[in-house]
2 protein chains.
Amino acid sequence: MKLVRVLAMGLLLALGARTSAQVDPLPSWNDGAARQAILAFVKETTDVARPRFVPPAERIATFDQDGTLWVSHPMYTQVMFCLERVPAVVKAKPELAQVEPFRTVLRFLGGDRAAIAKLHQKDLLKVAAATLTGVSVEDFQADVKRWLETARDPRWKRPYTELTYLPMPEVLKYLRASGYKTFIVTGGGQDFVRVYSEETYGIPPEQVVGSALGTRYGYAKDGKPFLTREPKLLLDDNDAGKPEGIHLVIGRRPRAAFGNSTGDRQMLEHTQAGEGARLSMLVLHDDARREYAYGPAQGLPGTKVGAFPQEL
Amino acid sequence: MKLVRVLAMGLLLALGARTSAQVDPLPSWNDGAARQAILAFVKETTDVARPRFVPPAERIATFDQDGTLWVSHPMYTQVMFCLERVPAVVKAKPELAQVEPFRTVLRFLGGDRAAIAKLHQKDLLKVAAATLTGVSVEDFQADVKRWLETARDPRWKRPYTELTYLPMPEVLKYLRASGYKTFIVTGGGQDFVRVYSEETYGIPPEQVVGSALGTRYGYAKDGKPFLTREPKLLLDDNDAGKPEGIHLVIGRRPRAAFGNSTGDRQMLEHTQAGEGARLSMLVLHDDARREYAYGPAQGLPGTKVGAFPQEL
C-alpha cells in the first residue's frame with residue numbers, strides 16, 4: 001500500500017538473506033528502500049554476533065505523533081478538542097460568548113466553517129489556555145477520555161483514535177518485538193496523548209514525551225492533595241524542544257526516530273548524530289484520496305500543519 | 001538486621017497464610033510490621049482473584065534516593081561531586097581561586113574540613129552552577145562516571161555507589177519480580193543519578209525523575225548537534241516538586257512510594273491519595289554505628305540533610 005511513503009535517511013543496507021520466510025512483520029509496507037532499511041536496522045542491532053549490535057537496554061525508538069502515527073489534517077486533533085471544549089468554558093463563564101476569540105469559535109462550531117480562518121496563533125493560544133489549564137490533572141484526563149469517545153472526524157466520520165496509519169503500528173510492534181522500547185515524542189500535549197497512547201499505540205503514559213504544562217500541587221478542602229494544570233509551558237516539544245524533551249524524560253539518545261515535518265528535524269539529527277547504527281525516517285504525505293497530500297516537497301501543496309519542505 | 005527501620009504508613013494487613021516456604025524475597029528485613037506490609041501489599045495487588053488487584057501496567061513504585069536507597073550523610077553525594085570538581089573549574093579559570101565560595105571550597109579540599117561550615121545554601125548554588133552547567137550532557141555524564149570510579153567516601157573508604165542500604169535493593173527486586181516498574185524520584189540531579197542508576201539499582205535512566213536543568217540544543221563547528229546544560233532549573237524535584245515531577249515524567253500516580261524525609265512527604269501523600277491499595281513507607285535512620293542516626297523523630301539528633309520530624 002502507498003498510504004504513506006517513507007524515506008529512509010538512515011542506513012540503507014542491502015539485505016543479505018531475507019528472513020521473510022516467517023510471518024512478514026510489515027505486511028502493509030511496499031517492499032521498497034524504506035521497508036528494507038527498517039528490516040536491516042533491526043537485524044543489524046539485535047544480532048549479538050554483528051558489530052553494530054545494540055544491548056537491549058539501549059534500544060530506544062521515538063515516534064512523532066501528528067502526521068507520523070495518525071492523521072493531523074486539516075487540523076491537529078488536540079486543536080479540535082480545544083475548540084469543542086469552548087461551549088463548556090462559555091457555559092461556566094457566559095460573558096465569554098461575546099469575547100474574541102471565543103465568539104468566533106462558537107460560530108465555527110455552529111456551522112460557519114470559514115470562521116476558523118480568522119483565528120491566528122495568538123487566538124488559539126488563548127483558547128488553549130482557557131480549555132487546557134486551571135483544572136486538576138485527573139479532571140482533564142476524564143474530559144479528554146469522554147471527548148475521544150464521542151468526537152468524530154468531520155471527513156471520515158470516525159473516532160480520531162481510529163485515524164492511525166496502518167503501516168506505523170506495524171513498525172511499533174515490530175520494534176517492540178525486537179526489544180525496542182517505543183516512545184511518542186510529540187509537539188502535542190503530553191497529558192492529552194497519554195490518555196489514549198496505551199490503547200491506541202500500545203505505548204504507556206510514561207513513554208510519552210510531549211509539550212508539557214507545569215502543574216501545581218495543592219490541597220482540596222477535605223485535605224486531599226491534587227495537581228492543577230498551570231498556564232505555564234514547561235516544555236515546548238517541537239523543533240529543538242524534541243531532543244531537549246527526549247533528554248529530560250528519556251535521558252538516552254534514540255537509536256531510531258520517525259517524523260514527518262520540520263518540527264521533527266532536530267529529533268532526527270540528534271538520533272543520527274549518535275554512534276553506531278541509527279535509523280531516521282520521514283513520512284511524506286502524497287495520497288490525497290486515502291488521506292491528505294501535502295509537502296511542499298516533491299511539488300505537493302504546502303501546509304501550515306506539519307510542512308515537509310524539499311530540504312528536509 | 002536493623003540497618004534501617006521502616007515505618008509502614010500504608011495498609012497494614014495481617015498476612016493470612018505466609019508464603020515464605022519459598023525463597024524469602026526480603027532476607028535482610030526484620031520480620032516486623034514493615035516487612036509484612038510490603039508482602040501483604042504485593043499479595044493484595046498481584047493476585048487477580050483479590051478485590052484490590054492492580055493491572056501490571058499500573059504497577060508503579062517510586063523511591064527517593066538520598067537517605068532512602070543510599071547514604072546521604074554527612075553530605076549529599078552530589079554535593080561532594082560539585083565540591084571535588086572545583087579544582088578543575090579553577091584550573092580553567094585561575095582567577096576563581098581567590099573568589100568566594102571557590103576559595104573556601106579549595107581550603108576544604110586541602111584538608112580544612114571545618115571550612116565547609118562557612119558555606120551557605122547560596123554558596124553551594126554558586127558552586128553547583130559552576131560545576132554542573134555550561135557543558136554538554138555527554139561530557140557531564142563522562143565526568144560523573146569518572147568521578148564515581150575514583151571518589152571514595154571519607155568515612156567508609158568505599159565508592160559511593162557501594163553505600164546503598166542492603167534491604168532496599170531487595171525491595172526493588174522484589175517489586176520488579178512482582179511486575180512493578182520501579183522509579184527513582186530524587187531531589188538530586190536527574191542527570192547525575194542516571195549515570196549509575198542502572199548498574200547500582202537496576203533502574204534505567206528513563207525511570208529516573210530528579211531535579212532537572214534545562215538543556216539547549218545547538219551545533220558544534222563541525223555541524224554535529226549537541227545539548228548543553230543550562231543554568232536554568234526546570235524541575236525542583238523536592239517537596240511538592242516530587243508529585244509534580246512524577247506527573248511530568250511518569251504521568252501516573254504511584255501505587256507504592258518510599259522516602260525518608262520531609263522532602264518526600266508530598267510524594268507519599270500523593271501516592272496514598274489514590275484509590276485502591278497503596279503503600280507508603282519511610283526509612284528512619286537510627287543506627288549510628290553502621291550508618292548515621294538522625295531524626296529529629298524519636299529523640300534522634302536533628303539534621304539539615306534529610307530531616308525526619310516526629311509529625312512525618
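The values are calculated or read from the model by the stated rules, or taken from the named source; none is laboratory data. The structure presented is a predicted model; accordingly, all values stated were derived computationally and were not measured. Note that each Cβ is placed from the backbone with ideal geometry, even for glycine, and that neighbours are counted across all protein chains shown.
Looking at (1) within 14 Å of chain B (Cβ to nearest Cβ); (2) over 22 Å from A:Lys242 (Cβ atoms), which is the only condition A:Lys181 fails?
Just one mismatch for A:Lys181, condition (2).
Here are some residues: B:Thr262, B:Thr215. Which one is surrounded by fewer than 20 Cβ atoms within 10 Å (Cβ to Cβ), modelled with pLDDT of 95 or more and more than 24 Å from A:Glu138 (Cβ to Cβ)? If you could, list the steps in order and put the result at the bottom.
Numbers: B:Thr215 fails: surrounded by fewer than 20 Cβ atoms within 10 Å (Cβ to Cβ).
Result: B:Thr262 is the single residue among B:Thr262, B:Thr215 that is surrounded by fewer than 20 Cβ atoms within 10 Å (Cβ to Cβ), modelled with pLDDT of 95 or more and more than 24 Å from A:Glu138 (Cβ to Cβ).
Looking at (1) touching an Asp or Glu at 6+ places or on another chain (Cβ under 9 Å); (2) at pLDDT 95 or above; (3) over 22 Å from B:Pro169 (Cα atoms), find the lone condition where B:Gln298 falls short.
(2)
I'd like the residue in the range B:96-145 that is without any contact (Cβ under 8 Å) to a residue 12 or more places away in the chain and within 21 Å of the chain's Cα centre (by Cα) and, out of all such residues, is farthest from B:Thr303 (Cα to Cα).
The qualifying residue farthest from B:Thr303 (Cα to Cα) is B:Ala142.
I want to confirm something. Restricting to the range A:253-268 and keeping residues that are within 11 Å of chain B (Cβ to nearest Cβ) and of a type in the set (D, E, K, R), which single residue is nearest to B:Val185 (Cα to Cα)?
Only one residue fits best here, namely A:Arg253.
I'd like to verify a number: residues in the range B:235-252 that are closer than 16 Å to A:Gly251 by Cβ, more than 7 Å from chain A (Cβ to nearest Cβ) and assigned to a loop (DSSP other than H, G, I, E, B), how many?
First, the residues of the range B:235-252 that are closer than 16 Å to A:Gly251 by Cβ: B:235, B:237, B:245-246, B:248-251.
From what's left, more than 7 Å from chain A (Cβ to nearest Cβ): B:235, B:237, B:245-246.
In the following step, the residues that additionally are assigned to a loop (DSSP other than H, G, I, E, B) were identified as B:237.
Looking only at that region, the number is 1.
Residues that are within 30 Å of A:Glu275 (Cβ to Cβ), away from chain B (no Cβ under 14 Å) and at pLDDT 95 or above: does the range A:79-93 have at least one?
There is no residue in the range A:79-93 that is within 30 Å of A:Glu275 (Cβ to Cβ), away from chain B (no Cβ under 14 Å) and at pLDDT 95 or above.
Say whether the condition of being surrounded by fewer than 23 Cβ atoms within 10 Å (Cβ to Cβ), in contact (Cβ under 8 Å) with a residue 24 or more places away in the chain, assigned to a strand (DSSP E or B) and not hydroxyl-bearing (Ser, Thr, Tyr) is met by at least one residue in the range A:296-305.
Filtering the range A:296-305 down to residues surrounded by fewer than 23 Cβ atoms within 10 Å (Cβ to Cβ) leaves A:296-305.
This time we only want the ones that are in contact (Cβ under 8 Å) with a residue 24 or more places away in the chain, so: A:303, A:305.
Right, trim to assigned to a strand (DSSP E or B) and you get none.
So far as the range A:296-305 goes, no, none of its residues is surrounded by fewer than 23 Cβ atoms within 10 Å (Cβ to Cβ), in contact (Cβ under 8 Å) with a residue 24 or more places away in the chain, assigned to a strand (DSSP E or B) and not hydroxyl-bearing (Ser, Thr, Tyr).
For the range A:265-285, which residues satisfy the criterion of being more than 23 Å from A:Gly32 (Cα to Cα) and either among the small types (Gly, Ala, Ser) or not in a helix (DSSP H, G or I) (or both)?
A:Ala273, A:Gly274, A:Glu275, A:Gly276
A quick yes/no check of all residues on (1) surrounded by 17 or more Cβ atoms within 10 Å (Cβ to Cβ); (2) at pLDDT below 95; (3) in a strand (DSSP E or B); (4) of a type in the set (A, V, I, L, M):
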residue: B:Thr19; (1), (2), (3), (4): no, yes, no, no
residue: B:Ala40; (1), (2), (3), (4): yes, no, no, yes
residue: B:Val54; (1), (2), (3), (4): yes, no, no, yes
residue: B:Thr62; (1), (2), (3), (4): yes, no, yes, no
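Counting only residues that are loosely packed, with under 15 Cβ neighbours inside 10 Å, give me the helices (runs of 4 or more DSSP H) lying completely in the range B:108-188 with at least 2 of them. Give the steps one after another, and end with the answer.
Working: elements: B:121-132, B:137-150, B:167-177.
The helices (runs of 4 or more DSSP H) meeting that bar are B:121-132, B:137-150.
Could you please give the count of residues in the range A:150-182 that are within 15 Å of A:Gln65 (Cα to Cα) and hydrophobic (A, V, I, L, M, F, W, C)? It would help to see each step written out before you state the result.
The first filter runs over the range A:150-182 and keeps only residues within 15 Å of A:Gln65 (Cα to Cα), leaving A:160-172, A:182.
Right, trim to hydrophobic (A, V, I, L, M, F, W, C) and you get A:163, A:166, A:168, A:171-172.
Number satisfying all stated conditions: 5.
Criterion first (in a loop (DSSP other than H, G, I, E, B), touching a helix residue (DSSP H, G or I) at 6+ places or on another chain (Cβ under 8 Å) and surrounded by fewer than 23 Cβ atoms within 10 Å (Cβ to Cβ)) does A:Ala288 satisfy it? Working first, answer last.
Details: in a loop (DSSP other than H, G, I, E, B): yes; touching a helix residue (DSSP H, G or I) at 6+ places or on another chain (Cβ under 8 Å): no; surrounded by fewer than 23 Cβ atoms within 10 Å (Cβ to Cβ): yes.
So A:Ala288 fails the test.
I'm trying to understand the selection: among the residues of the range B:190-220, which are in contact with a Pro (Cβ under 7 Å, 6 or more places away or on another chain), within 10 Å of chain A (Cβ to nearest Cβ) and outside any strand (DSSP E or B)?
Correct list: B:Arg194, B:Ser197, B:Glu198.
For the range B:220-249, what are the residues that are under 26 Å from A:Leu268 (Cβ atoms) and surrounded by fewer than 21 Cβ atoms within 10 Å (Cβ to Cβ)?
B:Ala220, B:Lys221, B:Asp222, B:Gly223, B:Lys224, B:Pro225, B:Phe226, B:Thr228, B:Glu230, B:Lys232, B:Leu234
Could you run through the range A:150-194 and say how many residues are closer than 26 Å to A:Thr133 by Cα and aromatic (Phe, Trp, Tyr)?
3
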